[in-house]
Amino acid sequence: MNDTTDTREQILNAAMERIHHYGYGKTTMSEIARDCSMSAGNIYRFFASKIDIAEAMARKFNAKVFEDYAAIARKKTSASSRLREFFEMSLERTFKAIEEDAKILEVAGVLKEERPLYFNEQMAQERVYLVQILNDGIQAGEFRALERPEETAEFMQSALMKFRFPQLFSALSLPKLQRELGGVLDLLLASLSCGAHTPDR
């Protein structure tokens, strides 16, 4: 890494530590700068605002998530089992992250309000892997032919929204959420099976 990247990473790590301890709302750019032994003016050379730091935190978390999504999509197991693993991993990882650090929920809420396009971008990237799995299932004869796999992937995301965002967990335990997720996945996978058809509207 070069000096600019090192400094940016130093700021991000200091911000994450402070936000994890005090929360997003009670953290200021001046405090982050002080933790990095630099002036408040200097920190703005790397992050224009606190929300930019929050987005960088989320991107860092999601970078590992996307690596794991890609690994699941490449597996040689059935498409159905890969779809289950995809969404089960997402639920478990998000739940445990919130359980270990509830203040992450505050950051997620702020991003949802102030950076809605960020979430749209992340969902679009996720659909790349979902479409790959759907197409594998179609080619293997496991799933029925789909006219628009991209749209199907989008609908799957919508149907499983409750299990994707911690704001929707409704204070349920992880086993309860896993049970519900398994049931919804059963319905979705049944609709993808070769004998299934879309009823008239």
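The values are calculated or read from the model by the stated rules, or taken from the named source; none is laboratory data. The structure displayed is predicted, hence computed values, not measured ones. When we count neighbours, we look across all protein chains shown, and the Cβ atoms used for this are built from the backbone with ideal geometry, even at glycine. Keep in mind that these areas ignore ligands, DNA and RNA; they rest on the heavy atoms of the full protein, side chains included. Shrake-Rupley method; radii C 1.70, N 1.55, O 1.52, S 1.80 Å.
Determine if region 145-168 includes at least one residue that is open to solvent by less than 40 Å² (accessible area, probe 1.4 Å), among the small types (Gly, Ala, Ser) and part of a loop (DSSP other than H, G, I, E, B).
no
Hey, does region 126-133 have a residue that's in contact with a helix residue (DSSP H, G or I) (Cβ under 7 Å, 6 or more places away or on another chain), surrounded by fewer than 17 Cβ atoms within 10 Å (Cβ to Cβ) and not small (Gly, Ala, Ser)?
Looking for residues that are in contact with a helix residue (DSSP H, G or I) (Cβ under 7 Å, 6 or more places away or on another chain), surrounded by fewer than 17 Cβ atoms within 10 Å (Cβ to Cβ) and not small (Gly, Ala, Ser), one finds none in region 126-133, hence no.
Against the condition under 22 Å from Glu67 (Cβ atoms), out of contact with any Phe, Trp or Tyr (no Cβ under 6 Å at 6 or more places or on another chain), in a helix (DSSP H, G or I) and open to solvent by less than 60 Å² (accessible area, probe 1.4 Å), how does Ile138 come out, does it pass?
no
Does Arg8 count as more than 25 Å from Asn120 (Cβ to Cβ), open to solvent by 70 Å² or more (accessible area, probe 1.4 Å) and not hydroxyl-bearing (Ser, Thr, Tyr)?
When the stated conditions are applied, Arg8 does not pass them.
Might you check whether a residue that is out of contact with any Lys or Arg (no Cβ under 8 Å at 6 or more places or on another chain), closer than 19 Å to Leu177 by Cβ and either open to solvent by 70 Å² or more (accessible area, probe 1.4 Å) or not in a helix (DSSP H, G or I) (or both) occurs anywhere in region 102-115?
Checked region 102-115: at least one residue is out of contact with any Lys or Arg (no Cβ under 8 Å at 6 or more places or on another chain), closer than 19 Å to Leu177 by Cβ and either open to solvent by 70 Å² or more (accessible area, probe 1.4 Å) or not in a helix (DSSP H, G or I) (or both).
In region 173-197, which residue that is open to solvent by 50 Å² or more (accessible area, probe 1.4 Å) and assigned to a loop (DSSP other than H, G, I, E, B) is nearest to Phe86 (Cα to Cα)?
The residue in question is Ser173.
Given (1) farther than 23 Å from Phe155 by Cα; (2) in contact with an Asp or Glu (Cβ under 9 Å, 6 or more places away or on another chain); (3) of a type in the set (Ser, Thr, Tyr), identify the lone condition not met by Ser78.
Just one mismatch for Ser78, condition (1).
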